[in-house]
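Read through the structure below, which is laid out as structure tokens, and then see the notes.
The values are calculated or read from the model by the stated rules, or taken from the named source; none is laboratory data. Remember, it's a predicted structure, so these values are computed and weren't measured experimentally. Cβ atoms come from the backbone with ideal geometry, glycine included; neighbour counts cover every protein chain shown.
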Amino acid sequence: MAPQFGDYQLEIYLNGLGGTVPDHPMTFAELERRAEAALPPGVWSYVAGGAGDEHTQRANVTAFERWGLVPRMMAGAAQRDLSVELFGLALASPLLLAPVGVLGICTPDGHGDLAVARAAARTGVPMIASTLSADPLEAVAKELGTAPGLFQLYPPGDRELAESLVRRAEAAGFTALVVTLDTWVTGWRPRDLSTANFPQLRGKCLANYTSDPVFRARLAKTPEEDPAAVVREWATVFPNALSWADLPWLRSLTSLPLLLKGIQHPEDVRRARDGGVDGIYCSNHGGRQANGGLPAIEALPGVVEAADGLPVLFDSGVRSGAELVKALALGASAVGLGRPYAYGLAVGGEDGVVHVLRSVLAEADLLMAVDGYPTVADLTPQALRRLS
Ligand code: FNR
């Protein structure tokens with residue numbers, strides 16, 4: 001039988017009979033409040049902040065309120081099955097840990113990437129590991145256990161370095177390559193600008209570079225001897241404004257499933273398809289990159305249509321099980337959780353991430369139970385009504 005994620009609810013109520021209440025927050029608002037209290041101010045503003053006045057970031061969340069799930073009664077939803085298949089992987093649910101580049105510094109020990117990988121191992125929720133981690137990708141992969149890992153690549157301008165990172169990800173057992181296209185230059189982020197704080201430029205979360213033989217060969221001294229040179233070299237190789245002419249090169253990097261992250265326009269979907277990608281990742285980077293854009297969920301239906309059967313991943317604005325269910329109904333094959341799990345990490349480390357993942361899945365499962373949609377396949381656009 002498929003796992004009934006909603007059972008987390010019963011577990012919490014039964015624990016309450018013995019006088020135990022949950023250690024970790026049950027609402028996103030409380031999670032956010034406690035994460036702010038837990039994190040150093042510079043890390044908090046980097047994680048919570050976004051581009052411009054953060055209108056797009058907020059709209060990513062509120063846009064979901066314009067959609068409502070239509071309840072169906074007596075629909076046989078006593079058992080739910082949230083399982084999906086993605087690139088040949090049998091997943092118990094369509095939830096993913098979206099790549100977040102500063103997980104490492106969200107825990108006091110500086111090893112937040114490893115804590116998240118352990119949470120993935122405990123829940124089976126796949127982790128998309130960022131290029132920008134505080135521990136090398138090999139160490140992250142080791143903690144994943146049997147949970148699938150996908151590797152997110154920011155393709156450096158130095159192609160030899162890009163190839164080295166991909167070879168390492170393959171060797172470490174990552175099952176897909178997610179290339180992020182929307183962050184070759186950093187968006188205008190007033191919160192970080194006002195404190196002149198950008199973690200990578202302070203040498204944080206660059207372990208994949210400092211552990212890479214190609215990157216190290218570019219340095220005159222070892223990273224330990226000359227940390228400032230690491231940052232200078234990173235700032236040189238990181239910006240890489242790709243064009244569609246580079247897609248054959250990206251495709252040639254790996255025979256693993258290749259996904260492009262940051263796609264929102266149907267024409268870009270068609271170009272990606274024509275270039276042989278295996279999946280599209282519809283996202284506006286949580287509104288961190290460009291203010292003034294549409295909420296990402298508004299782009300999803302057009303992306304799904306243009307994808308024409310190719311898997312479409314989605315993130316940006318998912319805060320609870322309700323947004324997960326709505327994104328699935330609008331055609332997402334799987335859905336990435338971003339800030340909520342980073343906050344869970346800040347508040348409670350590995351256990352905090354597990355709690356956030358279990359809560360999102362429990363809520364989604366119970367919505368599907370109450371509203372009469374027993375499987376992911378039952379969640380179609382017809383299950384939703386749009387408010388004008
Ligand atoms: C991100 N995101 C991101 N994406 C990516 O492809 N590589 C990365 O290294 C990062 N780093 C990163 C850091 C932080 C602090 C955040 C909050 C986000 C974007 C992430 O994958 C996802 O698109 C957003 O988090 C989705 O928005 P919400 O739902 O978190 O608001």
Within the stretch 339-359, take every residue that is buried (at least 24 other Cβ atoms within 10 Å of the Cβ) and within 13 Å of the ligand (Cβ to nearest atom) and give me the one that is nearest to MET26 (Cα to Cα). VAL356
Which ones in the stretch 183-197 are closer than 19 Å to PRO239 by Cα, in contact with a Gly (Cβ under 7 Å, 6 or more places away or on another chain) and assigned to a helix (DSSP H, G or I)? ASP192
Residues of the stretch 320-338 that turn out to be within 10 Å of the chain's Cα centre (by Cα), more than 9 Å from the ligand (Cβ to nearest atom) and farther than 17 Å from GLU298 by Cβ, as a count: 0
Being assigned to a helix (DSSP H, G or I), within 15 Å of the ligand (Cβ to nearest atom) and within 28 Å of LEU310 (Cβ to Cβ) is the filter here; which residues of the stretch 225-279 pass it? LEU250
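Does ALA272 qualify as being surrounded by 20 or more Cβ atoms within 10 Å (Cβ to Cβ), more than 26 Å from GLY52 (Cβ to Cβ) and not aromatic (Phe, Trp, Tyr)?
Working: surrounded by 20 or more Cβ atoms within 10 Å (Cβ to Cβ): yes; more than 26 Å from GLY52 (Cβ to Cβ): yes; not aromatic (Phe, Trp, Tyr): yes.
Yes.
Does ALA120 meet the test of being modelled with pLDDT of 95 or more, farther than 29 Å from GLU298 by Cβ and buried (at least 24 other Cβ atoms within 10 Å of the Cβ)? Reasoning before the result, please.
Numbers: modelled with pLDDT of 95 or more: yes; farther than 29 Å from GLU298 by Cβ: yes; buried (at least 24 other Cβ atoms within 10 Å of the Cβ): yes.
Yes, satisfied.
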Members of the stretch 176-216 that are surrounded by fewer than 18 Cβ atoms within 10 Å (Cβ to Cβ), in contact (Cβ under 8 Å) with a residue 12 or more places away in the chain and of a type in the set (A, V, I, L, M): VAL185, LEU201
Please enumerate the residues belonging to the stretch 5-41 that are outside any helix (DSSP H, G or I), surrounded by 11 or more Cβ atoms within 10 Å (Cβ to Cβ) and over 23 Å from the mean Cα position of the chain (by Cα). PRO22
Which number in (1) under 30 Å from SER252 (Cβ atoms); (2) of a type in the set (S, T, N, Q); (3) surrounded by fewer than 24 Cβ atoms within 10 Å (Cβ to Cβ) marks the one condition that SER133 misses? (3)
Residue by residue through the stretch 153-202, note down the ones that are among the small types (Gly, Ala, Ser) and either closer than 15 Å to THR131 by Cβ or touching a strand residue (DSSP E or B) at 6+ places or on another chain (Cβ under 9 Å) (or both). GLY157, ALA162, SER164, ALA169, ALA172, GLY173, ALA176
